[in-house]
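Structure record follows, encoded as structure tokens.
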Amino acid sequence: MITAAKSGTTEKLMTAEEAFELSTVNRRFEVVKGVYREMSPAGGQHGKVTIRIAFLMMEHVQQNNLGEVTAAETGFILSRRPDTVRAADVAFISKARLQESDPPIGYWTIAPDLAVEVISPNESPDDIQEKIQDYLAAGTRMVWVVYPKTRSVTVYRSLRNVKVLREDELLSGEDVLPGFERRVSEIFS
């Protein structure tokens with residue numbers, strides 16, 4: 001474990017490798033700047049929307065041989081010393097960036113090209129913003145933040161390049177997930 005001084009005390013920080021060892025106990029968590037953060041299980045609506053997005057993306061990616069789509073709780077090491085491991089609800093890695101033919105046994109050591117976060121009712125705006133910043137800082141080219149309550153998607157290309165899409169608008173993978181286009185309403189059906 002790495003240690004860091006914090007207000008006159010020494011705090012032990014978790015590494016990605018230590019977190020992966022804990023992943024065998026079937027708990028949902030992320031590591032943010034070395035700090036373990038347990039997450040409660042997702043609700044029914046969250047699960048339904050997440051699997052719908054994953055299905056639509058997977059179908060497109062497989063038909064076009066574009067790369068890999070990962071499901072919820074797949075860990076990505078976004079930074080080191082201290083380590084940050086995030087688990088997008090759905091993620092895409094382009095074929096051009098895949099380092100091996102098979103996914104790693106442990107966490108991915110690259111950021112996804114596209115990260116999708118489906119918002120649960122108990123998530124705070126600060127936590128959501130922190131996730132977006134972590135992904136973009138690590139090199140993720142696009143983040144979709146999906147809001148089931150308002151049936152909308154906010155697309156981040158950077159913290160300054162942001163657009164909100166409503167149900168009747170088209171969600172596009174742009175140059176990150178080429179050819180992917182679906183009405184926002186389709187991910188909520």
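None of the figures in this text is laboratory data; all of them are computed from the coordinates on show. Given the structure is predicted, the values throughout are model-derived calculations rather than measurements. Every residue, glycine among them, receives a Cβ derived from its backbone with ideal geometry; neighbour counts consider all protein chains shown.
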Per-peptide average of other Cβ atoms within 10 Å, ordering 78-89, 173-184 highest first: 78-89, 173-184
Debye, to nearest 20: dipole size of the stretch 43-189, +1 on Lys, Arg Cβ, -1 on Asp, Glu Cβ: 220
Fraction of antiparallel bridges per DSSP, the stretch 42-188 only, in percent to nearest 5: 80
Lysines whose Cα lies under 25 Å from that of Lys12, excluding same-chain neighbours fewer than 8 positions away: Lys33, Lys131
J(HN,Hα) series, the stretch 48-62, from Karplus relation 6.51 cos²θ - 1.76 cosθ + 1.60, nearest Hz, glycine and proline x: 5, 5, 4, 5, 5, 4, 4, 4, 4, 5, 4, 4, 5, 5, 5
Cα→Cβ-extended label distance, 7 Å offset, between Leu98 and Glu181, nm: 2.6
